[in-house]
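Encoded as structure tokens, the structure appears first; notes follow it.
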Amino acid sequence: MKKILLLPGDGVGPEIISQAKKLIEKLRSDHGLQIETSEALVGGASFDAYGSPLTDEVLQRAKEADGILFGAVGGPKWEVLEISQRPEIALLKLRSELGLFANLRPVILYPELADASTLKPEVVAGLDILIVRELTGGIYFGQPRGIRNNASGEREGYNTLVYSESEINRIGRIAFEIAAKRQGRLCSVDKANVLESTELWRQCITELSARYPAIELSHMYVDNAAMQLVRAPKQFDVVVTTNLFGDILSDCAAMLTGSIGMLPSASLNADNKGLYEPVHGSAPDIAGQNKANPIATLLSLAMLLKYSLDEVALADKIENAIQQVLAEGLRTADIYQPGNKLMGTEEMGDAVLDYL
Ligand code: IPM
Ligand code: MG
């Protein structure tokens, strides 16, 4: 039987993963889903219990799982810790140890939420972008890194932005293949006018494009891409970019949809094993208040079913249920508009369950 590891983490993590658990139970009892689930601490919660944001035991269980559903990590309580002990390290270690190099972040605007966006409805209506972010390389992992004293006795912080050809090619191939299943347009985002590492990125992606003649490839500098995302986001189909640029652009793109509380993500390795998580993070300001939007997590569960378990029909069921809930005007606070029915995390989870 396939094994799923649940890692609720910190902040709103436990509340939103609880909603996913209800859905998994229902899929097991009424829809024939056969999976084994187990749960473990990660991030700040793990640090508090075991003195480490990710224990070897949990890392081992993650390696053995067919899929991981991840809540969120981090919060002000742990910001005083040195970087190597911070909750975020758990996520970075899982990504690198499991080889989860391909991060897929769909940015879809549900028609019902066109008014919830800060952009004009006509700019965002029908938006459907997929950001493919490289996740195990670049400046997040490059060596050397640290804080040192320089020759004049001043402290200096330094990091290394490095990409090898093979790292660029493997994420490039994924992006071209995904574009082929969508509208066939791929935009590669770099800073090739300034950074050699991304000059190579542009060369490799261009060379790769010879193998995908049906895909219309374009290149864009990251500063322009940020501007274009808020100016005319519908020009994009698939965007492929580096770890850091993808981190920034995906938050920016998320807001086009009205709320980051709606966006799921998948981080996959070469065998389609994956970690699935909402893009929004731990939101400590609303943690424990039954306010968080569980939809990003439920959509992440749908992605898990689709990519790692091949249960496409069940994934569609979840997506349809969410669409119906939105069509009924049911909303958590982050996507609430006058005239809607305001709900908490639990109630939203139950509503999706009802429509399932
Ligand atoms: C994300 C987050 C993480 C990242 C943090 C929590 C380490 O912002 O998944 O986008 O920077 O990758
Ligand atoms: Mg981020």
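Numbers below:
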read-out	value
Around V124: net Lys/Arg minus Asp/Glu count, Cβ-Cβ under 12 Å	0
Two-site label geometry, S84 and K234: point separation in nm, points 7 Å out along Cα→Cβ	5.2 nm
Three-way shape label, the range 183-262, alpha-carbon gyration tensor, a/c 1.5	oblate
Choice from I215, I129, I168 showing the highest fluctuation, given a GNM over the chain with Cα pairs closer than 10 Å	I215
Scattering curve values for the range 118-257, log₁₀ I(q)/I(0), Debye with Cα scatterers, q = 0.09 Å⁻¹	-0.31
Antiparallel content of DSSP bridges confined to the range 118-257, in %, to 5	20 percent
Whichever lysines have a C-alpha closer than 20 Å to that of K120, once near sequence neighbours (fewer than 8 apart) are set aside	K234
As computed over the range 1-72, the Cα convex hull volume per residue (Å³)	71 Å³
Fraction of the pair-distance distribution of the range 273-356 above 21 Å, Cα-Cα pairs, percent	31 percent
Length-normalised contact order of the range 144-220 in % [C-alpha pairs under 8 Å, at least 6 apart]	29 percent
Share antiparallel - DSSP beta bridges, the chain, percent rounded to 5	40 percent
Kirkwood Rh and Cα Rg combined as Rg over Rh, evaluated for the range 26-155	1.08
Too-long pairs where the Cα-Cα distance tops 30 Å, listed order kept, from K22/K306; K2/K77; K2/K181; K2/K291; K3/K181	K2/K77; K2/K291
Over the chain, relative contact order from alpha-carbon pairs under 8 Å, at least 6 apart, %	21 percent
Whole-angstrom gap from the range 129-155 to the range 203-272, using each part's C-alpha centre	21 Å
Unit charges on C-beta of K, R, D, E only; dipole of the chain, Debye	400 debye
Test item: Cα-centred dipole of the range 207-356, Lys/Arg +1 and Asp/Glu -1 on Cβ, debye	260 debye
Positive dipole terminus of the chain, leading residue within L23, P121, I318 (C-beta point charges)	P121
Debye equation applied to the C-alpha atoms of the range 81-168, log10 I(q)/I(0) at 0.17, 0.21 Å⁻¹	-0.88, -1.00
Of F141, T241, G261, farthest towards positive along the dipole that unit charges on Lys, Arg, Asp, Glu beta carbons give the chain	T241
For the chain, projected area of the alpha-carbon convex hull averaged over all directions, nm²	18.7 nm²
Point-charge dipole on Cβ atoms (K/R +1, D/E -1) for the range 118-257, about Cα centre, debye to 20	240 debye
Taking the range 251-356 and dividing mean pair separation by its residue count, relative contact order in percent (alpha carbons under 8 Å, at least six apart)	25 percent
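Every number in this text was worked out from the coordinates using simple rules, so none of it is lab data. Keep in mind that what you see is a predicted model, and the values were worked out from it rather than measured. Virtual Cβ from ideal backbone geometry, glycine too; neighbours counted across all protein chains shown.
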